[in-house]
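Below: the structure, in structure tokens.
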Amino acid sequence: MRHLLVLTFLLLCGLERPGQAQLGPLDRGRARDMLAVLHNDVRKYYYDPGFRGIDLDREFQHADSMLDRAQSIPQLFGVIAKVLLQFQDSHTIFLPPSQTTQVRYGWELRMVGDSCFVTGITPASDAAAKSLRIGDRVITIQGVPPTRQLLNVLDYLLYRLSPADVIQFRVESPDGQVRDLAVASKVLPDQQLIDLTVSTDVWAIIRGIDDQVEMGRNRFVEVDSATLVWHLPGFDSNDGIDEGIGRARRHANLVLDLRGNRGGGSRVLLRMLGRLLERETVVDTLRLRDKVEVETVRPDERRFAGKLIVLVDSRSASAAELLARVVQLENRGMVIGDRSAGAVMMSRVHVHRVGTQIIVPYAASITEADVIMRDGSRLEGIGVSPDVLVVASGQDLSVGRDPVFGEALRRLGYPVGPGGVTSPFPALALEMENW
């Protein structure tokens, strides 16, 4: 429960949205309306009728009383969020109304093994100006030592609940130097209403869609005629699966890079497994509130039958983890990299609105099924342990070396020198990330 204490501490210590207005006369009432609706959502839809031992009525009543103590809108949202976070369930979460501002932090963090590292810096950002560097190990952020679970909570706090205009870091560079940095964010006003008759608004939407498409597309690299490397960013499209498998079938070896893949649709996952597996297979069992469903897959005649290596990291989640674990259970290939996220449940998003003259949309993701693997194990909160554990060091990150990909090449018989190899997929530089 330490992550709940961290969330409470940061919210009550004034981590506020830049330019956040003080509470208006209707804000607490709207927050109470949201809380009541989410209480009903959990009671109706949560997969476990025992609510994982949580006294649902007591916790929501306590949250209702805490709304009177909130001093800002982010604190109101934090009270609501905390109730759902008590389930310690990766797929049960409050999705608050959209922000009135956009905040660009200019840095990216990732857990590598049990350490948190800076893995991306936006040029011309304050992070770059303050000499925050790729490969720096984060000792604390906002005064909190990051762990896997706590970093997820901090991500949720900073990107969903209460974006901050300054982030306090203590970092250690690869050479051992420890620095304290206050890194400013870039705050941009966000439109509440979009006028589709105005060309600038239309093109802003188009650019945003184009950026999302670019980030979600398959990327491929041919090592040579024998080996294809395929980065699959998400299980979002049957067409994307067909494209990738179609290319892979022209090669003897496939390196399937699921690093950073946050999951997607179960139907797309089953299609992918049908194009990789050699026999009819039980994938998992879904335990819903009132029934149990067994998911199976049959091999497709257009499947890839060559040698398979799957790459995972701490951000590989949900469907990506299921695929990696099925590959292990079926002895279909080798999984290389870091322990995965351990975020494997099935949920549905319930969208609501609050208000009369001014309508404010919000939502909640509620877990509707627990996922149990064929061998009786669960991945939620645990993740997939790779067959070959390989994690990058700060020095690796700082010079762009990719030891996970290098290990995959070695396992396929390619020579890899002492200097290692670089990532086959450099980070995308998109307009939405620019300063």
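The values are calculated or read from the model by the stated rules, or taken from the named source; none is laboratory data. Only a predicted model underlies this, so the values are computations on that prediction, with no experimental measurement involved. Because the Cβ atoms are built from the backbone with ideal geometry, glycine has one as well, and the counts that use them run over all protein chains shown. For accessibility, only protein heavy atoms count, side chains too; no ligands or nucleic acids. Shrake-Rupley method; radii C 1.70, N 1.55, O 1.52, S 1.80 Å.
What is the diffusion coefficient of the range 213-305 in µm²/s, taking the Kirkwood radius over Cα pairs and the Stokes-Einstein relation at 25 °C with a viscosity of 0.890 mPa s? Can you show the working numbers first?
Details: Rh = 14.2 Å.
Diffusion coefficient, whole number: 173 µm²/s.
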| Given the Cα-Cα distance of Asp55 and Arg247 and 0.36 nm per residue of separation, how much length would full extension add, in nm? | 63.9 nm
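Using only the heavy atoms of the protein chains and a 1.4 Å probe, how would Asp375, Asp136 rank by accessible area, largest first? Write out the running numbers ahead of the final one.
Values: Asp375 80, Asp136 0 Å².
If we order Asp375, Asp136 from most to least accessible, we get Asp375, Asp136.
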| With every protein chain in place, the chain: carbon and sulfur % of accessible area (1.4 Å) | 51 percent
| task | Mind giving me the nanometre distance, one decimal, between the label points for Ser65 and Glu278, set 7 Å out from Cα along Cα→Cβ? | result | 6.2 nm
| note | Cα extents of the range 20-163 per principal axis, largest first, Å, are 48, 37, 23
| About the Cα centre, charge dipole magnitude for the range 25-123 (Lys/Arg +1, Asp/Glu -1 at Cβ), debye | 200 debye
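Counting Lys +1, Arg +1, Asp -1, Glu -1, what net charge surrounds Asp300 among other residues with beta carbon under 13 Å of its beta carbon? All intermediate terms of the calculation are to be shown ahead of the outcome.
Details: positive: Arg249, Arg271, Arg275, Arg279, Arg298, Arg302, Arg303; negative: Asp242, Glu278, Glu280, Glu301.
It works out to a net charge of +3.
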| task | Please tell me the relative contact order of the chain in percent, rounded to the nearest whole number, where contacts are Cα pairs under 8 Å and at least six residues apart. | result | 16 percent
| task | Quick one: divide the alpha-carbon radius of gyration of the range 31-79 by 2.2 N^0.38 Å and tell me what you get. | result | 1.20
| query | Which value, in debye to the nearest 20, describes the size of the charge dipole of the chain about its Cα centre when Lys and Arg Cβ atoms bear +1, Asp and Glu Cβ atoms bear -1, and nothing else is charged? | reply | 420 debye
| How would you classify the range 254-314 from its alpha-carbon gyration tensor, with a ≥ b ≥ c the square roots of the eigenvalues: rounded for a/c under 1.5, else prolate if a/b is greater than b/c, otherwise oblate? | oblate
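For the chain, what does the accessible surface come to per residue with a 1.4 Å probe? Please give it in Å². Please list the in-between numbers first.
Numbers: 20460 Å² over 435 residues.
For the chain, the per-residue accessible area is 47 Å².
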| Rg followed by Dmax, in Å, when the chain is reduced to its Cα trace | 22.6, 68
| query | At Ala226 and Ser385, where each label point lies 7 Å from the Cα along Cα→Cβ, what is the point-to-point distance in nanometres? | reply | 3.2 nm
| query | Efficiency by 1/(1 + (r/R0)^6): what FRET value for Glu330 and Arg28, r their Cβ-Cβ distance, R0 = 60 Å, to the nearest 0.05? | reply | 0.65
| Euclidean distance of C-alpha centroids, the range 367-385 and the range 77-148, integer Å | 25 Å
| task | Compute from the Cα atoms of the range 69-154 the Rg and the Dmax, the latter being the longest Cα-Cα distance, and quote both in angstrom. | result | 15.3, 41
| query | Of His251, His352, which has the most accessible area and how do the rest follow, probe 1.4 Å? | reply | His352, His251
| field | Among Ala341, Ala392, Pro403 the positive-end extreme of the charge dipole of the range 338-417 (Cβ point charges) | value | Ala341
| query | Quick one: if you stick a label point 7 Å off each Cα along the C-beta vector at Arg353 and Leu188, how many nm between them? | reply | 2.7 nm
| Per residue, what volume in Å³ does the Cα convex hull of the range 302-435 take up? | 208 Å³
